[in-house]
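Notes for the one structure printed next.
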Amino acid sequence: MTESTSSSSNGQSNERDERESLVAYEDSLQRLGGDADLFKEFVEIFFEDSPQLLETLLAATKSSDHAAVTQAAHALKGLMLNFGAKPCCELALDFEMAGNRGDLSSVKDKHSQLKELYEQLCCELKALV
């Protein structure tokens, strides 16, 4: 894939620039009554809680711990939903539903996709605060 000619707000130009933004900033801000400080607090909570949730989710998927997958995916989905990150939420929902079904075969090969979307979301959030 070729690099985009545009640059992100942090000066990096890479394949993430070619993708649609995951964060629905204006929608998120509107849901928070226009309170940019509250948005920043949500971002801080995301960065405090999400790394461990992601790690737990991936480890639980590998070890076939259905209950832990369901719980971690649900919590991670909730954090991502605060920012309107639909592709992230949809993928987390896939993990959650697989855990609920007790059949993780449909998500075992989606680890890299989840990590990639998570990293993109983190970059976008860092650029906003």
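The values are calculated or read from the model by the stated rules, or taken from the named source; none is laboratory data. Since we're looking at a predicted model, the values are computed, not measured. Ideal geometry is used to build each Cβ from the backbone, glycine not excepted, and the neighbour counts take in all protein chains shown.
Before moving on, here are some points about what is shown:
- Taking segment 107-126 as the range and being surrounded by fewer than 19 Cβ atoms within 10 Å (Cβ to Cβ) and either in contact with a helix residue (DSSP H, G or I) (Cβ under 7 Å, 6 or more places away or on another chain) or free of Cβ contacts under 8 Å to residues at least 60 places away in the same chain (or both) as the test, the residues that pass are K108, D109, K110, H111, S112, Q113, E116, E119, C123.
- Taking (1) polar (S, T, N, Q); (2) free of Cβ contacts under 8 Å to residues at least 24 places away in the same chain; (3) crowded, with 19+ Cβ neighbours inside 10 Å in turn, T70 satisfies each apart from (2).
- When the residues of segment 46-67 are filtered to those that are without any contact (Cβ under 8 Å) to a residue 24 or more places away in the chain and more than 16 Å from K108 (Cα to Cα), the one that is surrounded by the fewest Cβ atoms within 10 Å (Cβ to Cβ) is E48.
- Verdict on L57 being in contact with a Leu (Cβ under 8 Å, 6 or more places away or on another chain) and at pLDDT 95 or above: yes
- Test: F83 is surrounded by 17 or more Cβ atoms within 10 Å (Cβ to Cβ) and either of a type in the set (V, I, T) or not in a helix (DSSP H, G or I) (or both): yes
- Output for segment 19-61, where each listed residue is under 13 Å from L81 (Cβ atoms), assigned to a helix (DSSP H, G or I) and β-branched (V, I, T): I45
- Selection count, segment 92-112, where residues are more than 12 Å from L54 (Cα to Cα) and part of a helix (DSSP H, G or I): 11
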